[in-house]
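Novice: Okay, handing you the structure first.
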RNA sequence: GGUUCCUUAGCCAAGUGGUAAGGCAAUUGACUGCAACUCAGUGAGCACCGGUUCAAAUCCGGUAGGAACCUCCA
C-alpha cells in the first residue's frame with residue numbers, strides 16, 4: 001500500500017512497524033458541541049483506511065482521543081450552569097452516536113484528557129527537567145528553538161513564522177512561537193502541579209496518550225484534518241523529539257477540508273450543518289459515498305447536486321446487489337462464500353494507491369456492470385454470479401456501506417410468480433398490481 | 001507578508017512523460033406490454049503563456065484565478 005506522507009510530501013510504500021499490524025492514532029475533537037458534517041470526514045476516511053488494512057489481513061489498533069478539558073468547554077459549562085464533565089460527556093455521547101450511525105467500526109480506545117492527567121503532568125515535568133520547557137507565572141511553555149528542525153512537518157521556516165506571527169498580548173514567552181503546555185487558571189476544572197494549579201495545554205495530550213495507549217513512542221500512522229498540521233501536529237512532534245528523540249509516527253496523514261455550497265462552514269456564516277441532521281436526512285450510506293467520492297486529501301464541496309449524484313450512484317450499487325440476490329433466491333440457489341478474487345484484487349489495488357477511493361469506485365462500477373450482465377445471461381452461471389456478488393459485497397464493506405440483502409417470503413415469491421403469469425396471459429392490469437406490490441417492497 | 005496545495009467535458013472526479021478512467025446529467029439504440037432496472041453507443045485534448053523532450057494534462061519557469069494553514073477549528 002502506498003500512502004501520502006505529509007511529513008515528506010511524497011507517496012511512500014507503507015511498511016508497518018509490526019508485521020501485519022497497524023497502530024493508528026487520529027486526533028479527535030474537543031467536545032464542546034455537536035459534531036458537524038466536517039467532523040464526519042476524518043471519521044469516514046480513517047475508518048475506511050482501517051477497513052482497507054483489515055481486508056488485507058492486517059490487525060489495526062485505531063485510537064482517537066476526546067479533548068475534554070478546554071476553555072470552550074469551560075465557557076459552555078458556565079453558560080449552562082453545569083459542570084464541565086456534564087458538558088463533555090454529553091458531546092462525547094453525541095460523537096459516539098454519530099460514529100455509530102456512520103457505520104464507523106468501534107475504535108480500539110478513546111482516551112480522554114481527564115483520564116490521563118498524572119501522565120500529562122509528569123510528561124510536562126520531564127520537559128521542564130530537560131529544559132525543553134520553562135515556567136512563567138505558573139504557566140509552562142515549550143521552548144521551540146531547542147528543537148533543531150522545528151517546522152519540518154508543516155514545512156514552516158521558524159524565521160518566516162516569526163515574521164508572520166500575530167502579535168500576542170502574552171509577552172511572557174521567550175519566543176512568540178513557544179506554545180503553552182500548562183495554563184494556570186482560577187476558573188473551571190483544575191489540577192495541582194508543582195508550578196501552579198490549572199489545566200494542560202492542547203498539544204501535550206496526544207503525545208502522552210499515544211505513548212500510553214500504544215505503549216510506545218513511535219507508531220505507524222498519525223492522522224487528522226489538514227488544519228491540525230500546524231501547529232498541533234508540529235508541536236506534538238516537537239515534544240516527542242524532545243523527550244524520546246522519536247518522530248512519533250512513520251506516516252502523517254491529513255484529510256482535506258470540507259465546504260458547503262462552496263463556502264467554509266462557520267458559525268458566523270450560519271451554515272454549520274450538524275452531522276446528526278445530515279445523517280437523518282440522507283442516511284449514512286449517502287454521506288459515506290459522498291465523502292469518499294473525492295480523494296481524501298482534496299477539498300470536498302458538498303452541494304445539492306453532489307448529494308443527488310451520490311444518492312443516484314449509491315442506488316445503482318444497491319440495486320445491482322438486490323436484483324442479483326432476488327434472482328438467486330427465486331432460482332433457489334444456495335449461496336456459497338466464494339469471492340471473485342480477481343475483481344476484489346483490482347479494487348484493493350486501486351484503493352492501495354493512497355486510499356484512491358475515486359478509482360476504487362470505478363472498480364465498483366466495473367464490477368456492477370459485470371454483475372448486471374451475468375445476471376441477464378440466458379443461462380445464468382450462478383456460481384460465477386455469486387462470486388461476483390460476494391466480491392462486490394466485500395468492496396462496499398471496505399468503504400463502509402451498510403447493506404441488508406432482502407429475504408424473500410413465500411408471499412414475495414408468489415407475487416413474482418403471479419406477476420410473470422399475468423404478463424404471460426397479457427393481463428397487464430393485473431400484472432401492474434403485482435409489480436406495484438413488489439416495487440413498494442423494494443424488490444425490483 | 002510567509003508556507004503548502006489546487007485549476008481536467010454541463011456537473012462530480014481519476015490520471016506524475018507515450019498519446020484523456022469512472023460516474024451524474026444529456027442524447028441515440030437494444031430490452032420491455034408500457035415503464036423502471038439493465039446493456040451498448042455518443043462528448044473534453046487537460047486555466048493561459050513560454051521552455052525541456054522524439055514525445056507533456058503529466059517536468060521546469062512565468063501569468064491569472066482559487067483553497068488551506070501561520071497558537072488551540074477535523
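Novice: When the Kirkwood hydrodynamic radius is evaluated over all pairs of different C-alpha atoms of chain A, what value in angstrom, to one decimal, is obtained?
Specialist: With all distinct Cα pairs of chain A included, I get 24.6 Å.
Novice: Okay, next question. Among A:21, A:233, A:203, A:245, rank each residue by its count of other Cβ atoms within 10 Å, from fewest to most, as a rough exposure measure.
Specialist: Arranged by neighbour count, lowest to highest, A:21, A:233, A:203, A:245 become A:245, A:21, A:203, A:233.
Novice: Using the Cα gyration tensor of region A:60-146, with a ≥ b ≥ c the square roots of its eigenvalues, what is the shape: rounded (a/c below 1.5), prolate (a/b larger than b/c) or oblate (neither)?
Specialist: oblate
Novice: Based solely on C-alpha atoms, express the radius of gyration and the Dmax of region A:249-327 in angstrom.
Specialist: Cα radius of gyration and Dmax of region A:249-327 are 15.4, 53 Å respectively.
Novice: Also, quick follow-up: Could you work out how far helix A:202-213 tilts from the main Cα principal axis of chain A, as a 0 to 90 degree angle to the nearest 10?
Specialist: That helix lies at roughly 70 degrees to the long axis.
Novice: So, R0 is 60 Å and r is the distance between the beta-carbons of residue A:294 and residue A:191; what FRET efficiency does that work out to, to 0.05?
Specialist: Efficiency, rounded to the nearest 0.05: 0.90.
Novice: Which of the three applies to region A:1-138, rounded, prolate or oblate, going by the alpha-carbon gyration tensor with a ≥ b ≥ c and a/c under 1.5 meaning rounded?
Specialist: oblate
Novice: When ranked by the protection proxy of mean other Cβ atoms within 10 Å per residue, highest first, what sequence do the peptides A:208-215, A:313-320, A:124-131 form?
Specialist: Per-residue mean Cβ counts within 10 Å order the peptides as A:208-215, A:313-320, A:124-131.
Novice: Hey, what angle do you get for helix A:40-55 against the long axis of chain A, alpha-carbon based, 0 to 90 degrees rounded to 10?
Specialist: Helix A:40-55 and the main axis of chain A meet at about 70 degrees.
Novice: A further question follows. Between helix A:117-129 and chain A, what is the angle of the helix's C-alpha long axis to the longest principal axis, kept within 0 to 90° and rounded to the nearest 10?
Specialist: Rounded to the nearest ten degrees, it is 50.
Novice: By counting other Cβ atoms within 10 Å of each Cβ, how are A:332, A:389, A:378, A:369 ranked from fewest to most?
Specialist: A:378, A:332, A:369, A:389
Novice: Here's a follow-up. In what order do A:135, A:326 fall by count of nearby beta-carbon atoms within 10 Å, going from fewest to most?
Specialist: A:135, A:326
Read the figures in this text as sums done on the coordinates, not as results from a lab. Keep in mind that this is a model prediction, so the values were computed, not measured. For neighbour counting, all protein chains shown are included, and Cβ atoms are generated from backbone atoms with ideal geometry for every residue, glycine included.
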